Structures are given as C-alpha cells and as structure tokens.
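In what follows, a single structure is set out as structure tokens and then discussed.
The values are calculated or read from the model by the stated rules, or taken from the named source; none is laboratory data. All figures in this text were calculated on a predicted structure; none of them were measured in a lab. Cβ placement follows ideal geometry from the backbone for every residue including glycine, while neighbour counts extend to all protein chains displayed. The protein model used for the area step is the full one, side chains on, heavy atoms only, and it has no ligands, DNA or RNA in it. Shrake-Rupley method; radii C 1.70, N 1.55, O 1.52, S 1.80 Å.
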Amino acid sequence: MQGFSDPLSRSYARWTGFFYLGIAIAGGFSIAYVPSQIVVAQDAGATVANILARAGLYHMGIAADLVVMVFELMAMTMLYFMFRHVSQTLSFAAAMARLSMVSVMSAMLFFHAGADLLAHSDQVMTHFTADQRADLAGLLLEMHRAGVWIWQVFFSVHLVLLGFLVVQSGRFPVLLGYGLMLGAAGYALDSIYAFAFPNVTWLGILRIGLLAIVTLSEVGFALWLIIRAPKAPETFRSALAPNRQQMPA
C-alpha cells in the first residue's frame, strides 16, 4: 500500500484522481441516468411501474450510490492529506464539508430502499390501496430528490475550499482551482433555484452555466491527477517534515 503512504508522491496523486473520477462516473449513472429512466414526473403510478419493470437498473443505481460513498470517503481523506501542508485548518474544513455531504447522501438511500419495498412487497402498508402505496413511494422519491439539494450546499463549501487550496498549493493549474471556486456557486444556486425560485428563468440558466464550469473543473482536476500526477518538489517535503516529526510513532 505504498501508494497511500506519501501524500506528495505521484502514486498518491494518481490514486486520488482515480477515486475522484470514479465518483464522477458512478455518480453520473446513479444521479442522472437512472432517475431519467425510472422517475416519471407527476405520475407516481408510472414511476412504481418502472421500478417493477426495470428493477435491475433501479438496484444498480443504488449500488452505484454505494460505490460513490466509498470512493467519496477515500477521496476526502486523501485530499485532506494532500493539501494539509497548504493549510491544516482549511484542508480539515474541506474534509468535514465533504463528510457532511456523504452523511446526507447515506441517509437518502433509505428513501430509495423504502420506495423499492413499497413497489415490490405487498406485505408493507397492507391497509393502503395500490394507488396510495404508489403515492407514498413517490413521496419517498421526492424526499430523496430534496436530499440532493441539501448535500449540494455542503459540497459548495467543500469546492470553494478545495479550489482555494489548489490555487495556493502551487502544484496544480490555477485555472482548475478558480474553476472549482467559481463553479461551486452552481451547486448552491441549484439548491436555491429548486427550493425557492423554480420560476426564475435567469437563475436557472446561470446555475446551468456554473454547473458546467465546475463539472469541467472537477473532471479536469481528476484527469490531471491521474495523467500528470505532479511530484512535489523538495521544498514541499521540507515544509511537511515538521508535521511528520510531531506525529506519534
């Protein structure tokens, strides 16, 4: 496990990039593709019918969510150690913001599981009619969707801090760092738009533009870590040495 032992090494950077890119791929599948194939807006009955007809796809989406969370924990931890020499406080705050996001995402899985149970089992809520059970399943999926707007707020905070750390580190293209900081507002605006101003057209357009910027920045950062895997100069290692000496054996 040498690739996880030196936060300033190329192998460590590549592993971090691998986890980050894995999050983007698995997350795109579970958050974007699966709901587009299962959920029918304003029609809980059709949505439940899709869950039954495409149970394999629905369960694959849940499995992809679990992959995202495992990869998130690895990426969060590795990013903390990668940028700890820049600022221990901000690096830790970024990790805590991302951990808060993962906590919300974990809780959201109960809503997916509940909708799946209502769709497949006739031993749950037996006094409810089929339509009422479908409506309840639809409510659980709506609560899951609302969870997305909650974790996006924490993720916005994380991206602002991560972008700042990228810029200050001197190891990565500053354009990626500024893209993360600027685009982070896209996640926050997406939540604000969904919760409070769904009819404000210009706000919807602005959040799409910012989300495009942050997506390109995140994927670019992951690919940079994997392909370039910058090795830290000795000056960084010298700065990190005092921290290592203080760590218990």
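Shown here for segment 34-120: trypsin sites (Lys or Arg not before Pro) in loop regions (DSSP other than H, G, I, E, B) with at most 15 other Cβ atoms within 10 Å, namely Arg54.
For the Cα atoms of the chain, what angle does the longest principal axis make with the long axis of helix 234-246, in degrees from 0 to 90, nearest 10? The answer is roughly 80 degrees.
Both radii are taken from the alpha-carbon atoms of segment 99-219; with Rh as the Kirkwood radius, Rg/Rh is 1.15. The modelled label-to-label distance for the pair Ala46/Phe197, using points 7 Å beyond Cα in the direction of Cβ, is 3.1 nm.
Peptides 40-47, 8-15, 176-183 ranked from most to least packed by the mean count of surrounding Cβ atoms within 10 Å: 176-183, 8-15, 40-47. Computed over segment 15-106, the percent of Cα pairs more than 15 Å apart is 65. Accessible-area rank, largest first, for Met60, Met82: Met60, Met82, with all protein chains present and a 1.4 angstrom probe. Counting heavy atoms of the protein chains alone, His158 has an accessible area of about 10 Å² for a 1.4 Å probe.
Taking only alpha carbon atoms, segment 56-158 gives an Rg to Rh ratio of 1.14, where Rh is the Kirkwood radius.
Note on the chain: Cα-Cα pairs beyond 27 Å make up 43% of the total pair count.
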